[in-house]
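Visitor: Let me begin by handing over the structure; questions about it come next.
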Amino acid sequence: MTIRTKTPNLLDNPPIPVQATIAASWTSLMFFIIYIDYFHLYQPGEIDDIRGGVIFAFDISGTLMSIFFVIIAIPTVMIMLSTTLPPRVNRATNIVVASLYTPVLVFNAAGATWEYALYYALTIGVEVLIMAFILRAAWTWPRISAS
């Protein structure tokens, strides 16, 4: 016979290191960017434009592809840096990169049409929220009190 107690069976909730939290956020952002770009291809005429050598208003070139590479490489590299840099450098790097990367994400609104305004508002909104979370996590990084 078992004895029932009125105390709930609580789950353990160990603290997650700030580095892991920030790295997971960069990972979420990276996947989100990739999926947004993928779903963008579903818009009528997008694949035809790409086959015609144009993305948005830009001719597809090595330079444009290099810019796209850098845009997606930033969150990818930040995943690694967020887990390997020393805390002080890590905090500063995340604050600077997230601050500079947010306008890049918002720039995607330049390609928006009224027909897809809700899509762009939602996707850019979520990206900005993820960036705000990264900034907040880095900004509020816990400090060790001096003894």
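The values are calculated or read from the model by the stated rules, or taken from the named source; none is laboratory data. All of these numbers come straight from a predicted model, not from anything done at the bench. In this analysis, Cβ positions are derived from the backbone assuming ideal geometry, glycine residues included, and neighbour counts consider all displayed protein chains.
Visitor: Condition first: more than 19 Å from F133 (Cβ to Cβ), within 20 Å of the chain's Cα centre (by Cα) and not β-branched (V, I, T). Can you find one or more residues in segment 15-28 that meet it?
Guide: Restricting attention to segment 15-28, the residues satisfying the condition of being more than 19 Å from F133 (Cβ to Cβ) are none.
No: segment 15-28 contains no residue that is more than 19 Å from F133 (Cβ to Cβ), within 20 Å of the chain's Cα centre (by Cα) and not β-branched (V, I, T).
Visitor: Okay, moving on. State all residues of segment 100-147 that are of a type in the set (K, R) and at pLDDT below 95; if no residue qualifies, say none.
Guide: Narrowing segment 100-147 to residues of a type in the set (K, R): 136, 143.
Within segment 100-147, just R143 meets the criteria.
Visitor: Okay, moving on. Within the bounds of segment 51-60, is there any residue that is in contact (Cβ under 8 Å) with a residue 24 or more places away in the chain and either surrounded by 13 or more Cβ atoms within 10 Å (Cβ to Cβ) or in contact with a Phe, Trp or Tyr (Cβ under 9 Å, 6 or more places away or on another chain) (or both)?
Guide: Within segment 51-60, not a single residue is in contact (Cβ under 8 Å) with a residue 24 or more places away in the chain and either surrounded by 13 or more Cβ atoms within 10 Å (Cβ to Cβ) or in contact with a Phe, Trp or Tyr (Cβ under 9 Å, 6 or more places away or on another chain) (or both).
Visitor: Still on this model: Count, please, the residues in segment 8-40 that happen to be outside any helix (DSSP H, G or I) and either within 24 Å of N94 (Cα to Cα) or in contact with a helix residue (DSSP H, G or I) (Cβ under 6 Å, 6 or more places away or on another chain) (or both).
Guide: Summing the residues that are outside any helix (DSSP H, G or I) and either within 24 Å of N94 (Cα to Cα) or in contact with a helix residue (DSSP H, G or I) (Cβ under 6 Å, 6 or more places away or on another chain) (or both) in segment 8-40 gives 4.
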